[in-house]
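Below: the structure, in structure tokens.
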Amino acid sequence: QVQLVESGGGLVQPGGSLRLSCAVSLSSFNIRPMAWYRQPPGKGRVWVASFFSGGGTKYADFVKGRFTISKDNAKNMVYLEMNSLKPEDPAVYYCYVATGSRDYWGQGTQVTVSS
């Protein structure tokens with residue numbers, strides 16, 4: 001059974017940092033691209049960042065230069081390092097993986113940015 005469990009969300013001041021973690025139970029984890037999405041209050045879910053199986057990364061323009069996605073194949077973990085957080089970054093952040101048969105999402109972790 002595939003499971004994704006996010007953690008690390010919380011309240012941070014503008015300009016602050018948070019590190020989100022996603023624990024993934026998936027036997028083929030090391031070959032799977034991983035991604036983070038977010039869903040701001042009252043809005044749809046949008047893509048944030050991807051980590052590709054070859055080690056490359058890609059970011060949405062609104063987080064480029066501030067967020068970093070990383071993957072630890074030995075620990076079956078994906079991370080999202082978020083720096084210089086802005087008032088527009090609050091959202092529920094979701095970890096995502098696609099296998100050949102279906103897509104999987106975590107339950108999400110809430111990030112709040114407020115002074």
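The values are calculated or read from the model by the stated rules, or taken from the named source; none is laboratory data. No experiment lies behind these values; they were computed from the predicted model shown. Ideal geometry is used to build each Cβ from the backbone, glycine not excepted, and the neighbour counts take in all protein chains shown. What goes into the accessible areas is simple: the full protein's heavy atoms, side chains included, and nothing from ligands, DNA or RNA. Shrake-Rupley method; radii C 1.70, N 1.55, O 1.52, S 1.80 Å.
Normalised radius of gyration for the range 5-64, please: alpha carbon Rg relative to 2.2 N^0.38 Å, two decimal places.
With N residues counted in the range 5-64, Rg over 2.2 N^0.38 Å equals 1.28.
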### Query
Which ³J(HN,Hα) values in Hz, rounded to whole numbers, follow from the phi angles of the range 16-33 under the Karplus curve 6.51 cos²θ - 1.76 cosθ + 1.60, where θ = phi - 60° and Gly and Pro get x?
x, 10, 9, 10, 8, 10, 9, 8, 10, 9, 7, 5, 9, 3, 5, 9, 9, x
### Query
Tell me, what is the per residue accessible area of the chain in Å², probe radius 1.4 Å?
51 Å²
### Query
How much net charge surrounds L4 when only the other residues with a Cβ under 15 Å from the Cβ of L4 are counted, with Lys and Arg +1 and Asp and Glu -1?
+3
### Query
Plugging the Kirkwood radius over Cα pairs into Stokes-Einstein for the range 45-97, at a temperature of 20 °C and a viscosity of 1.002 mPa s, what D comes out in µm²/s?
179 µm²/s
### Query
Given a 1.4 Å probe and every protein chain left where it sits, what share in percent of the accessible area of the chain is carbon and sulfur?
48 percent
